[in-house]
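Visitor: Structure incoming, see below.
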Amino acid sequence: MNNPENRILNIGKRSWKPGTLLSPVPAVMVTCHGKEGRPNIITVCWAGTICSEPPMLSISVRPERHSFNLIRETGEFVVNIPDRRIARETDLCGVISGREHDKFHETGLTQGRGETVNVPIIMECPINIECKIDREIELGSHTMFIANIVGIQVSEHLIDAQGRLLTEKAALVSYAHGHYYQLGKQLGHFGFSVKKN
């Protein structure tokens, strides 16, 4: 509807070409392992939660990436959530290829054992989410792997005496328009807008 009120709302706005402007997004390190060869790490920013029951997430990977066939071959991967201490390693694993580089060796990151998948976790990451692929969807530049979350490992220092997960202590990393950021100040909790004093 084209009326003066709608035009007033657009003052101060400019048109921008359609693109991947949803941000910030998580910067995650996905570990994978083919049936042969060494395990690999790929940094992915196209990742997200897609279902609560059953718990599921998705990652999107370009088919030309080395990790793509490793993930497809076994149907398993681990989403490792990094913190600010390993921001450099997170970036490095996104810009060099596992075809030519042993990323665990070159970054000094430590392999841990997956509990429900035959894929290593990254010990330095405070949260490790073990996944098994449910289906994949070819989208264009990327293929989306939709996966069931089958196991989670969390660093002990993020769990309090009552068993509550303290993600605010993790200094997690996000990505926005070519830059990495540490998550900062908490502004509220789910439902704080309607909570009664």
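Throughout, read-outs are computed from the coordinates displayed, never taken from laboratory work. This structure is a prediction, so every number in the text was calculated from the model and none was measured. All Cβ positions, even for glycine, are placed from backbone atoms using ideal geometry, and neighbour counts span all protein chains on display.
Visitor: In nm, to one decimal, how far is the modelled label at Ser97 from the one at Arg85, with both set 7 Å along Cα→Cβ?
Guide: 3.3 nm
Visitor: Size of the dipole of region 24-178 about the Cα centre, Lys and Arg at +1 and Asp and Glu at -1 on the beta carbon, nothing else charged, in debye to 20?
Guide: So the magnitude is around 140 debye.
Visitor: Then there's this: Return the subset of Lys169/Lys196; Lys103/Lys132; Lys169/Lys195; Lys35/Lys103; Lys13/Lys196 for which the Cα-Cα distance in this structure is over 29 Å, preserving the input order.
Guide: Listed pairs above 29 Å: Lys13/Lys196.
Visitor: Residue farthest toward the positive end of the dipole of the chain, with Cβ of Lys/Arg at +1 and Asp/Glu at -1: which of Leu70, Tyr175, Asn40?
Guide: Going by the charge dipole, the pick is Tyr175.
Visitor: Could I ask something else about it? Taking the simple approach of a point 7 Å from Cα along Cα-to-Cβ for both Glu53 and Glu156, what is their distance in nm?
Guide: 3.3 nm
Visitor: Can you tell me the FRET efficiency between Glu73 and Lys185 if r is taken as the Cβ-Cβ distance and R0 is 35 Å, rounded to the nearest 0.05?
Guide: 0.25
Visitor: Something else about it: Run the reach check for Lys185 against aspartates and glutamates, Cα to Cα strictly under 14 Å, same-chain hits fewer than 8 apart removed. What comes back?
Guide: Leaving aside aspartates and glutamates fewer than 8 places away in the same chain, those within reach of Lys185 are Glu168.
Visitor: To continue, here is another question. Expressed as a whole percent, how much of the Cα-Cα distance distribution for region 24-178 exceeds 26 Å?
Guide: When all Cα pairs of region 24-178 are counted, 19 percent exceed 26 Å.
Visitor: PRE reach from Lys169 (point 7 Å along Cα→Cβ): which of region 112-143 fall under 18 Å by backbone N?
Guide: It comes to 124-128, nothing else.
Visitor: Let me ask something else. Students often check this: by mean Cβ neighbours within 10 Å, which of 173-181, 58-66 ranks highest, and how do the rest follow?
Guide: Going from most to least packed, we get 58-66, 173-181.
Visitor: Using only the Cα atoms of region 20-94, build the gyration tensor, take square roots of its eigenvalues as a ≥ b ≥ c, and label the shape rounded, prolate or oblate: rounded if a/c is under 1.5, else prolate if a/b is larger than b/c, else oblate.
Guide: Verdict is oblate for region 20-94.
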